[in-house]
Amino acid sequence: MVENVFGAWDYAIMAATMVASVVIGLYFRFSGGKQKTNEEYLMADRNMSILPVAVSLMASFISAITLLGVSAENYYYGMIFIVANLGYGLATPIASSLYLPVFFGLQKTSTYEYLELRFGPRLRMLASLTYTLQMILYNGIVLYAPAIVLESVTGLDRLVSILVVGISCTLYSTFGGMKAVLFTDLLQSALMYGAVISVVVFSSVQLGGFDQIFIKAHEGGRLDFNKFSIDPTERHTWWSLLLGGMVTYLSLYGVNHTQVQRLLTVSTLKRSKLCLWWSWPVMMLLSTFTCIGGLGIYAVYRDCDPLTNQKITAIDQLMPYYVVDAMRSVPGLAGLFVAGIFSASLSTISSACNSLAAVTLTDYISRWCKIRESYIIWLTKLVACGYGLLFLALAFLAEHLGGVLQASLIIFGAVGGPLLGVFTLGMFTTYANERGVSIGLLSGLAMTFWISFGTPRPSPTKLPLSIEGCGNNITVSTPMATNPSDYLYPYRLSYMLTSPIGFAWVLLIGTLLSLLWRHKQPWEKAGCEDPDPALFTPPLARMLRARQEKKLSAKQVDVGSSS
């Protein structure tokens, strides 16, 4: 049994976080329009201000898994991972200028309604189901991860933790709808910042100064940014991080329904673009603090690594272990840390409840059933609540699923690239058709899952670690060196390239099959000669409008001359 290190202040901070989140949900349930319409419940009446939306875009992407994983990544593999944030920055103008205007112009509740307008109902259903299954699996694990953290820090049973977090999240997202989700994300983001900054500050104090973090990290080889190799099998290089970061960002902020739904809660396209632009520095700042936190923990434990010393059994336990080992002496710090980790999960899960409710009502139920207008809002709330309870059930099962934590992260990346390819073919070409793109999507998913889950695969090599300062007699076994050529080449590729590979595959296969296997487009089936420009990215839309205007002018000239 883990020793309970929580004091009164720690419990007070945790309780205040949960109560405040539920109170925000209740406030929006009984204020404004009182969540009586789907427009308010799912889209916040499309009149939200920029700040909560920008912060929510970050919070719904950053989960407890991210905070724990990024800190451990910097500790064991170095700070080069931060380069991925530059990839996010490079992708921001692409998402805001080329993808967002299409969704904002259509003003649809579900992102996948676009695919039916552009291709047809079968591809819409295929993409929507892919997204739904991805989000269900991922969020069950997101709820389970912080429960392990709380158990390791406080000794509180993980099942109790899952119930407290899961029920709180389900209540406020069900009661308050999108408005509650956006404003609780503000609170929870502040706590996320508080958690990682507390680690940075405390490690700086232990080391005798903030600069000591980087001095010790440099001595330990954690600040090596000289990685410009073009070898795709090298785990992290500038090229893999920039390319992987760009495609990952576009798959999330360009076409993922969870994020697009938030971007449609403001009144104008200009404000929506500002939300997207502001979300990047908010996310990058949190990522930077998390990276520095990992380096700070390394600087403290550089001579006595907890993993090698068998104090922890997995690298994701590193930050919680540091809180237990070093920060417990200050009342409230452990509570602040755990509140921040829980907040990261609360924001992700509440976003998923609301987004999946929108997709379920729009893409499934409304297509197959006729529902009275007065029942729709209640059904939407029931579906949102149902997803919260489903995440609870999956969290209870997660401990029996072995390596599902890593598997869920791989799934999240492997699905994003192929789906980005589908929307890109739809918005950037007029030739892509439903048959070609559907086969491209299915084969792309098969490709990325094979690359991600195929075995055997080599383990990543950690940077040098030491236990010389531990003062014990633990013997460290040296792992046997393996020859990379012993493994199948696709299994050696950097995981950062999985999404770009899936994206490129769908573009290639979708293009070839669409050109070779002609299939009537939706506008041709409707008897129209030209497509609706609103379905395409702005540069292509302008070309289509110009062509249509030219045709119209030519017809008017012909009519005038014949008369």
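The values are calculated or read from the model by the stated rules, or taken from the named source; none is laboratory data. As the structure is a prediction and not an experimental result, all values here were calculated from the model. Please note: Cβ atoms are built from the backbone with ideal geometry, for glycine as well, and neighbour counts cover all protein chains shown.
Taking the range 217-238 only, how many residues are surrounded by 20 or more Cβ atoms within 10 Å (Cβ to Cβ) and outside any loop (DSSP other than H, G, I, E, B)? Counting residues in the range 217-238 that are surrounded by 20 or more Cβ atoms within 10 Å (Cβ to Cβ) and outside any loop (DSSP other than H, G, I, E, B) gives 1. Of everything in the range 285-329 that is among the polar types (S, T, N, Q) and touching a helix residue (DSSP H, G or I) at 6+ places or on another chain (Cβ under 8 Å), the residue that is surrounded by the most Cβ atoms within 10 Å (Cβ to Cβ) is Thr290. Step by step: first the residues of the range 510-563, then only those that are modelled with pLDDT of 95 or more and of a type in the set (Val, Ile, Thr), then the one that is nearest to Phe103 (Cα to Cα). Which residue is that? The selected residue is Thr537.
Kindly provide the set of residues from the range 252-287 that are closer than 14 Å to Phe104 by Cα, in contact with a Gly (Cβ under 9 Å, 6 or more places away or on another chain) and part of a helix (DSSP H, G or I), ordered by number. Hits for the range 252-287 are Val260, Leu269.
State yes or no: is Thr265 under 21 Å from the mean Cα position of the chain (by Cα) and within 30 Å of Val324 (Cα to Cα)? No; evaluated as a whole, the condition is false for this residue.
Candidates in the range 82-111 are the residues that are among the β-branched types (Val, Ile, Thr) and in a helix (DSSP H, G or I); of these, the one that is surrounded by the fewest Cβ atoms within 10 Å (Cβ to Cβ) is Ile94.
For the range 167-187, state whether one or more residues are surrounded by fewer than 23 Cβ atoms within 10 Å (Cβ to Cβ), of a type in the set (A, V, I, L, M) and touching a Ser or Thr at 6+ places or on another chain (Cβ under 8 Å). Checked against the condition, which is being surrounded by fewer than 23 Cβ atoms within 10 Å (Cβ to Cβ), of a type in the set (A, V, I, L, M) and touching a Ser or Thr at 6+ places or on another chain (Cβ under 8 Å), the range 167-187 yields at least one hit.
The number of residues in the range 365-377 being within 13 Å of Thr37 (Cβ to Cβ) and surrounded by 12 or more Cβ atoms within 10 Å (Cβ to Cβ) comes to 2. Return the pair list, or none, for Cβ contacts closer than 6 Å from residues in the range 51-79 that are part of a helix (DSSP H, G or I) to residues that are of a type in the set (Lys, Arg) and surrounded by fewer than 24 Cβ atoms within 10 Å (Cβ to Cβ), at least 6 apart or on different chains. Between residues of the range 51-79 that are part of a helix (DSSP H, G or I) and residues that are of a type in the set (Lys, Arg) and surrounded by fewer than 24 Cβ atoms within 10 Å (Cβ to Cβ), the close pairs are Tyr76/Lys462. Scanning the range 526-548 for residues that are part of a helix (DSSP H, G or I), among the hydrophobic types (A, V, I, L, M, F, W, C) and surrounded by fewer than 16 Cβ atoms within 10 Å (Cβ to Cβ) yields Ala534, Met543, Ala546. Is it the case that some residue within the range 135-143 is under 30 Å from Val437 (Cβ atoms), in a helix (DSSP H, G or I) and without any contact (Cβ under 8 Å) to a residue 12 or more places away in the chain? Checked the range 135-143: no residue is under 30 Å from Val437 (Cβ atoms), in a helix (DSSP H, G or I) and without any contact (Cβ under 8 Å) to a residue 12 or more places away in the chain.
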